[in-house]
Amino acid sequence: MTHQDDGQNHLIDHLVRNYVERRVKEIDSSALVERILDDHAQPRPAVAEPSIGQPIDRLKSNWRWMKLVSWCGISTLAVVFGFLYGRHFDNRTANASLILRDVQSEHAQETDYCYRVRFDPDPRYWNRNNKLDGPSLSHLWTRGDRFWSDCTIGDIKFKLGREANGTVWISPSRNKGIRFSNSPSRLPKVVEQICLINSMSVPRLLNEVLVDFDLNSQTVSSPTEEQRTLIWAHLKPNRTHSLLSHALLEIDPRTKVLIRLVLWTVQDGHPKGTVAFTLLEKAMITDDQYKLRFHVDSDAVIEIQALPAPDYELDLAEPSEST
Amino acid sequence: MDHSKSADGKLNTWVSEVVPQVLGYACTLVRTRQVAEDLVQDCCCRLLAKADVYNLPRDGTKLLYRSVTNACINWTQRQSPEVSLDQLQNSVSSGRRALSDSASSGPVQMAMQHELEQAIEAAMNAIPVDQRAAIELRSLGHSLVEVAEMLETSHGNARVLLHRARRALADRLKSYLEDQVR
């Protein structure tokens, strides 16, 4: 190494050091420090008395509990209590982030999972003029970040999917299909919303959504059922999220598979509704099923949506009506 | 009891001092503050859970850097590549400029300093995350042996990563550097 190289290396190191130090100064990490110290200060393992009504530390505050009740509505609580009821909390604590990384790793495998996905809009903010805002029921197949979903929203039926390369497609019938860009940020808003609500694949959920959330986990068990890990996700203090306010995940600690997921969704700052995912089966299906071609006939009309995509009304009409 | 309180106090002080540094470092690797916070919190809590095993005020900083480095690299490598070439071109292709003196305070010097900072950020964002980690750790004063340990790689590979990072930055910041190195 020449003297000149040495000098240049020193200069580059100096610039990099300044760059890192600048970032350190720019960031207020006091909230993070506080969270870490709070977490460390909590006794472990926890020895709280079993209580169905107060399953996690964050819900020990009555104020928070009442806020949640008023906020989410009785129907939402019914969904949660439906699968919490009858279980005994043994209060063993676990590292939620670590568990989720295991889940993420498991769901990144080439295995297909089928979920029933049910969306219940919040009656206070449900825009009944928009059919796509209504209650929906779908069957969702996921493999890693790929998915395809057979959706029913009111009297509208369609299939929706994301292929291995990220391309999102939608098909209202065997005669028509629409392909969108592989860039989620450039999807029409309505398609993006439908994708987010009806097709939350686990890797995407964990990578893009839960990074804004504080996580708490708890192991639950019953004499007749296997052990399950529950993870509550709450928005970190002073954070907002465009889609979610809370999430609850139920995980099989043995297989690291996501058994159930409940998302409390928001839109424009208001509760939008709850989405409940329930695992139906784990299986292997063909790669083709994640592709648009599998769900339409060979002579179907395939539209390619040019970018940039405007925030337009989604046209799910049959080709015979639109062409 | 007093001994326990004293140990807790030392641990809290250590957390308060090291977390801001590590968070800033993690932000430069994953580029998203929320992700960086999540990873740092996760790594720090895991380390604190072993506070009875390690002397964290003494050894914890290196352990935390090691754990955060790996978490950030793993996270980054799972993400789709982000394109920042336009930003990079805009930042570094506008002709030859001298490296500004950070002590200068005139408007021209401040503008040049700002431009240089943008160019460095763009150049850093353009190099692979493992090279980024290597050069940042080295610039923060860690020895090559420590950098290799934190990256969980061999000494030779750490040296290669560092060399490539420096070379890539030198190429991208050529117009800023050439007047400074003689």
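The values are calculated or read from the model by the stated rules, or taken from the named source; none is laboratory data. All values reported here derive from a predicted model rather than from experimental measurement. In this analysis, Cβ positions are derived from the backbone assuming ideal geometry, glycine residues included, and neighbour counts consider all displayed protein chains. Note: accessible area is taken over every heavy atom of the protein model, side chains too, but ligands, DNA and RNA are not part of it. Shrake-Rupley method; radii C 1.70, N 1.55, O 1.52, S 1.80 Å.
Heavy atoms only, 1.4 Å probe, whole protein assembly: order A:LYS291, B:LYS10 by accessible area, highest first.
Putting A:LYS291, B:LYS10 in descending order of accessible area: B:LYS10, A:LYS291.
Please go through the residue pairs A:LYS25/B:LYS50; A:LYS176/A:LYS282; A:LYS159/A:LYS272; A:LYS157/A:LYS272; A:LYS256/B:LYS50; A:LYS157/A:LYS236 and name each one whose alpha carbons sit more than 26 Å apart in this structure.
Where the Cα-Cα span goes over 26 Å, the pairs concerned are A:LYS25/B:LYS50; A:LYS176/A:LYS282; A:LYS157/A:LYS236.
Provide the per-residue ³J(HN,Hα) series for region A:277-291, in order, calculated from phi with Karplus coefficients 6.51, -1.76, 1.60 and θ = phi - 60°, each as a whole number of Hz, with x at glycine and proline positions.
The phi angles translate into 9, 10, 5, 9, 7, 10, 7, 10, 10, 6, 4, 4, 5, 8, 9 Hz.
Report the accessible area of A:SER30, computed with a 1.4 Å probe over the heavy atoms of all protein chains in place, in Å² rounded to the nearest 10.
Probe radius 1.4 Å; accessible area of A:SER30 about 70 Å².
Give me the net charge of B:MET150's neighbourhood, meaning all other residues with Cβ under 12 Å from the Cβ of B:MET150; Lys, Arg count +1, Asp, Glu -1.
Spelling it out: positives minus negatives among the neighbours equals -2.
Give me the summed buried accessible area for the A-B pair, 1.4 Å probe, to the nearest 100 Å².
Roughly 4100 Å².
All other residues with a Cβ under 14 Å from the Cβ of B:GLY141 taken together, and with Lys, Arg as +1 and Asp, Glu as -1, what is their net charge?
Local net charge: -1.
When the accessible area of each residue in region B:142-181 is compared between its chain alone and the complete protein assembly (1.4 Å probe; ligands, DNA and RNA ignored), which residues differ by at least 40 Å², being lower in the assembly?
Flagged in region B:142-181: B:ARG166, B:LEU177, B:VAL181.
Taking θ = phi - 60°, what integer Hz values does the Karplus form 6.51 cos²θ - 1.76 cosθ + 1.60 yield along region B:135-140, in sequence order, with x for Gly and Pro?
Once θ is set to phi - 60°, the couplings for region B:135-140 become 6, 5, 4, 5, 5, 7 Hz.
For region A:211-266, max minus min Cα coordinate along each principal axis, in Å, sorted largest first?
40, 17, 17
What Kirkwood radius, in Å to one decimal, follows from the Cα pairs of region A:108-169?
12.8 Å
Modelled label-to-label distance, A:ILE156 and B:SER6, 7 Å Cα→beta-carbon offset: nm?
Output for this residue pair reads 6.9 nm.
Can you give me the long-range amide H partners of A:GLU303? Hydrogens built in the peptide plane at 1.01 Å from N, cutoff under 5 Å, separation of 5 or more residues or another chain.
The list, which skips near neighbours in sequence, is A:GLY177, A:ILE178, A:ARG179.
Restricting everything to alpha-carbon atoms, can you work out Rg to Rh for region A:240-288 with a Kirkwood hydrodynamic radius?
1.13
Pull up all non-local amide H partners of A:ASP214: gap of 5 or more, or a different chain, and H-to-H distance under 5 Å with H placed in the peptide plane.
Here the answer is A:HIS234, A:LEU235, A:LYS236, since their amide H atoms fall under 5 Å of that of A:ASP214.
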